[in-house]
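I have placed the structure first, in the form of structure tokens, so that the comments after it can refer back to it.
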Amino acid sequence: MAYWLLKSEPSTYSIDHLKENQVDHWDGVRNYQARNNLQAMRVGELAFFYHSSAEPPGIAGVCRIVREAYPDHTQFDPESTYHDPKATVEKPRWFMPDVGFVRKFDRLIPLSELRQTPGLENMDLLNRSRLSVQKVSDEEWEIINAIAEGR
DNA sequence: GCCAACGTTGGC
DNA sequence: GCCAACGTTGGC
């Protein structure tokens, strides 16, 4: 059982959108390391939903992988901002899982607070800020959930 | 809006 | 295969 962190700009797609839709595909990832993480996700695994380029940026809640990665259709669409002319249906480059809504935290846990929390020093979020799909360790998962639950 | 970090592209 | 130029991300 692995844990993950998925970033999204809430002005484009927030945890409230996922709550409303309940399930959605996680399309638009165009970075190889992020893609590799998407492909490593297994049904039932959990991920933090992170709001980037937000005021403030931070972790908004939790979602669950409900379908393992399959080809991201937006790569084939010339009209899409995610179009990739080098991708073909026979040889897709980009993949997306489906994620389901689990919960929205009572309060968003801001990045500034995560930075000050002991035990999170090695999180990708705090060291590799541009990676949009990250792995989270068991310990980090527990620490952040404890904060979210006010423990 | 600025800019640091860093991933990608393409000429050689 | 190197590396300069360029583009993007995302916090501030």
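Protection proxy ranking for A:90-101, A:61-72, A:121-132, using the average of other Cβ atoms within 10 Å per residue and placing the highest first: A:61-72, A:90-101, A:121-132. Overall form of the stretch A:9-50: oblate. Here a/c, set by the Cα gyration tensor axes a ≥ b ≥ c, is 1.5 or more, and a/b is not larger than b/c. Annotated for the stretch A:3-148: lysine pairs at least 8 residues apart or interchain, Cα distance under 19 Å, count 4. In chain A, the DSSP-assigned H stretches of four residues or longer account for a calculated mean residue ellipticity at 222 nm of -6000 deg cm²/dmol, using -39500 (n - 2.57) per stretch and the full residue count as denominator. Normalising the Debye intensity of chain A to I(0), with uniform scatterers on Cα atoms only, and taking log10 at q = 0.08, 0.18 Å⁻¹ returns -0.22, -1.07. The Cβ shell under 15 Å around A:Met1 holds other residues with a net charge of -3, Lys and Arg each +1, Asp and Glu each -1.
No lab work stands behind these numbers, since they all come straight from the coordinates. Owing to the predicted nature of the structure, the values given are computational and were not obtained by experimental measurement. Glycine gets a Cβ as well: all are built from the backbone with ideal geometry, and neighbour counts include every protein chain shown.
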